[in-house]
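Here is the structure we will look at, set down as structure tokens.
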Amino acid sequence: MNNFRLHLPTEVLFGRGVESQVGETAAKYGKRALLVFGKGSVVRSGLLARVRASLEASGVACEEFGGAQPNPTLAHAEEGVLRAAAFGADMIIAVGGGSSIDTAKGIAHGAANPDEKLWDIWTKRVPLKKSLPVGAVLTMPAAGSEMSDSAVLTNSAIGKKAGINTEFNRCRFAVMNPEWGATLPPYQLAAGVADIMMHTMERYFIPDIRCDLTDEIAEGLLRTVIKNGAAAVKNPSDYDAMAEVFWASSLSHNNLTECGRGKDFSVHKLGHPLSARFGVTHGASLSAVWGAWAEELYRDCLPRFAQFARRVWGVEEASDEAAAKEGIARTVAFFRSIGMPVSLSELNAGVSESDLEQLSLDATLNDTLRLTRIRPLDAEAVKKIYRRALSF
């Protein structure tokens with residue numbers, strides 16, 4: 001087990017009706033909140049009005065800022081920085097899913113550093129030394145941004161999607177009422193399930209490091225998501241199933257499942273160029289390449305893939321090779337069963353052979369970055385995975 005540092009400062013309010021406590025919680029961190037949300041579902045559902053009423057009852061003034069996109073953009077966050085400054089916001093609160101939360105984090109960083117360009121902060125050209133407090137009222141289990149130290153924005157001007165990890169990304173509080181998950185379209189919920197699984201698996205398939213307890217946590221989380229994710233996609237009104245998925249979303253990406261091992265977000269690095277260039281849903285971009293990624297690398301990480309198959313899927317094959325292959329097949333089949341694409345062609349985004357070289361260069365930062373802690377992959381090796389994923 002490797003050394004690790006775990007810091008989980010987010011205050012969590014979980015369960016039915018907890019959005020009524022947003023005001024008393026937020027008042028501990030500021031008096032003027034910019035409310036960041038998406039395209040209006042939280043308005044139509046009445047959640048935004050309930051959040052605003054709770055804040056105002058606790059003496060917190062509000063300004064609304066909608067329009068967060070499924071793949072949140074730098075330009076929209078920069079617009080939010082200007083709105084936050086004009087309002088004099090001392091706190092940013094996201095109401096929605098990961099896109100709203102990541103946008104809120106970007107606004108918080110930009111508003112606290114008005115003399116710096118947000119993209120310079122995002123790409124670490126300028127060190128981030130301060131930010132505004134961020135809170136989240138979660139409506140969608142997926143990104144885990146409500147408890148994570150990460151955030152992702154797309155710079156549409158240059159077609160690049162990038163993430164930043166910093167303790168300043170940790171939300172001060174996260175309010176999670178699983179009842180609001182019932183308002184999600186099944187495809188969005190399924191994409192969230194895929195993302196939750198991927199956050200866990202990206203920390204799991206790392207060879208030659210023994211972390212028994214961390215493994216047990218990750219494997220239990222995956223079994224829970226597989227069981228309850230399928231149930232929630234089938235019936236979003238199943239509160240108990242949805243509650244399990246909401247909580248798994250947070251635990252999958254708050255660093256708990258990497259203790260002693262760390263992480264390897266190579267599948268995310270394969271998915272990000274697809275979202276940036278083709279606008280595909282984040283979770284779908286991951287499920288579309290995971291099978292090809294796994295088939296390329298499982299022999300280099302055979303004991304981990306075999307353990308995954310046996311402990312998560314109950315595979316009983318005696319040989320590690322057969323078990324690993326069956327575990328990959330069952331994972332791909334699960335993604336397909338909840339309506340997720342498992343190949344680039346199933347994305348229906350027009351990805352073709354001619355796009356693969358540029359996608360590979362994007363994923364590897366023009367062939368300067370080697371992907372995976374399993375086996376270093378250069379741009380040519382990444383291109384091979386994309387090609388395999390075309391018609392997996």
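A few remarks follow.
- Alpha-carbon centroid distance for the pair segment 155-193 / segment 208-231, whole angstrom: 21 Å
- Three-way shape call for segment 123-185 based on the alpha-carbon gyration tensor, with the a/c threshold at 1.5: oblate
- Under a Gaussian network description of the chain, with springs only between Cα atoms under 10 Å, the residue in Asn169, Asn255, Asn113 that fluctuates furthest is Asn113.
- The calculated 222 nm mean residue ellipticity attributable to helices in the chain amounts to -15000 deg cm²/dmol, summing -39500 (n - 2.57) over DSSP H runs of n ≥ 4 and dividing by all residues.
- All lysines inside 23 Å of Lys227 as judged from Cα atoms, apart from same-chain residues fewer than 8 positions distant: Lys325
- Annotation for segment 77-127 versus segment 266-304: alpha-carbon center distance of 28 Å.
- Three-way shape label, segment 272-392, alpha-carbon gyration tensor, a/c 1.5: oblate
- Nearest-0.05 FRET efficiency for Glu357 and Ser391, computed from C-beta distance (R0 25 Å): 0.90
- Between the beta carbons of Ser58 and Ile158, assuming R0 = 41 Å, the FRET efficiency works out to 0.50 to the nearest 0.05.
- Computed 3J(HN,Hα) for segment 123-132, one whole-Hz value per residue from the Karplus formula 6.51 cos²θ - 1.76 cosθ + 1.60 where θ = phi - 60°, is 9, 6, 5, 10, x, 8, 10, 7, 7, 8, glycine and proline marked x.
- Estimated at the nearest 10 Å², the accessible area of Val280 is 10 Å² with a 1.4 Å probe.
- Sequence-ordered 3J(HN,Hα) estimates for segment 368-376 from the Karplus curve with 6.51, -1.76 and 1.60 and θ = phi - 60° stand at 9, 10, 9, 8, 6, 8, 7, 7, x Hz, glycine and proline given as x.
- Percent carbon-and-sulfur accessible area, segment 276-392, ignoring ligands, DNA and RNA, probe 1.4 Å: 46 percent
- Rounded tilt (10° steps) of 186-204 against the dominant C-alpha axis of the chain: 70 degrees
- If both residues of a DSSP beta bridge must be in the chain, then about 25% of such bridges are antiparallel.
- Rounded to whole Hz, the Karplus (6.51, -1.76, 1.60) HN-Hα couplings of segment 241-257, x for glycine and proline: 5, 5, 4, 4, 5, 4, 5, 4, 4, 5, 6, 6, 9, 9, 5, 4, 7
- Amide H within-cut-off set for Glu11, under 5 Å, with H built and near neighbours excluded: Phe173, Ala174
- Counted residue by residue at 0.36 nm each, then reduced by the alpha carbon distance between them, the extension gain from Lys28 to Asn2 reaches 5.7 nm.
- Distant-in-sequence amide H partners of Cys62 (H built 1.01 Å from N, under 5 Å): Ala33
- The chain: relative contact order as a whole-number percent, Cα under 8 Å and 6+ apart: 15 percent
- Amide H contacts under 5 Å for Asp264, placed H, 5+ residues apart: Arg203
- Accessible area in square angstrom per residue, the chain, 1.4 angstrom probe: 39 Å²
- About its Cα centre, segment 253-392 has a charge dipole of approximately 320 debye under the convention of +1 per Lys or Arg Cβ and -1 per Asp or Glu Cβ, with nothing else charged.
- Charged-residue dipole, Cβ positions (Lys, Arg, Asp, Glu), the chain about Cα centre, Debye nearest 20: 400 debye
- Among Pro114, Gly80, Ile92 - extreme Cα towards positive end, dipole of segment 65-218, charges at beta-carbon: Pro114
- Measuring between alpha carbons in the structure, the pairs from Lys39/Lys124; Lys269/Lys383; Lys117/Lys161; Lys124/Lys161 lying more than 19 angstrom apart are Lys39/Lys124.
- For the set Glu219, Glu317, Glu24, the ranking by accessible area, highest first and with no ligand, DNA or RNA atoms included, is Glu24, Glu317, Glu219 under a 1.4 Å probe.
- For segment 1-118: rounded, prolate or oblate by the Cα gyration tensor [a/c cutoff 1.5]: rounded
- Potential lengthening of the chain between Asp240 and Lys384 amounts to 47.7 nm, from the contour at 0.36 nm per residue minus the alpha-carbon distance.
- Listed peptides 184-196, 120-132 appear in the order 184-196, 120-132 once ranked by packing, highest mean of other Cβ atoms within 10 Å at the front.
- Sequence-distant lysines (8 or more away, or on other chains) whose Cα lies within less than 20 Å of Lys31: Lys105, Lys130
- Pairwise centroid distance, computed over Cα atoms, of segment 7-61 with segment 350-391, Å: 41 Å
The values are calculated or read from the model by the stated rules, or taken from the named source; none is laboratory data. Since the structure is predicted, the reported quantities are computational estimates derived from the model, not experimental observations. Backbone-built Cβ (ideal geometry, glycine too); neighbour counts: all protein chains shown. With ligands, DNA and RNA removed, areas are computed over all heavy atoms of the protein, side chains included. Shrake-Rupley method; radii C 1.70, N 1.55, O 1.52, S 1.80 Å.
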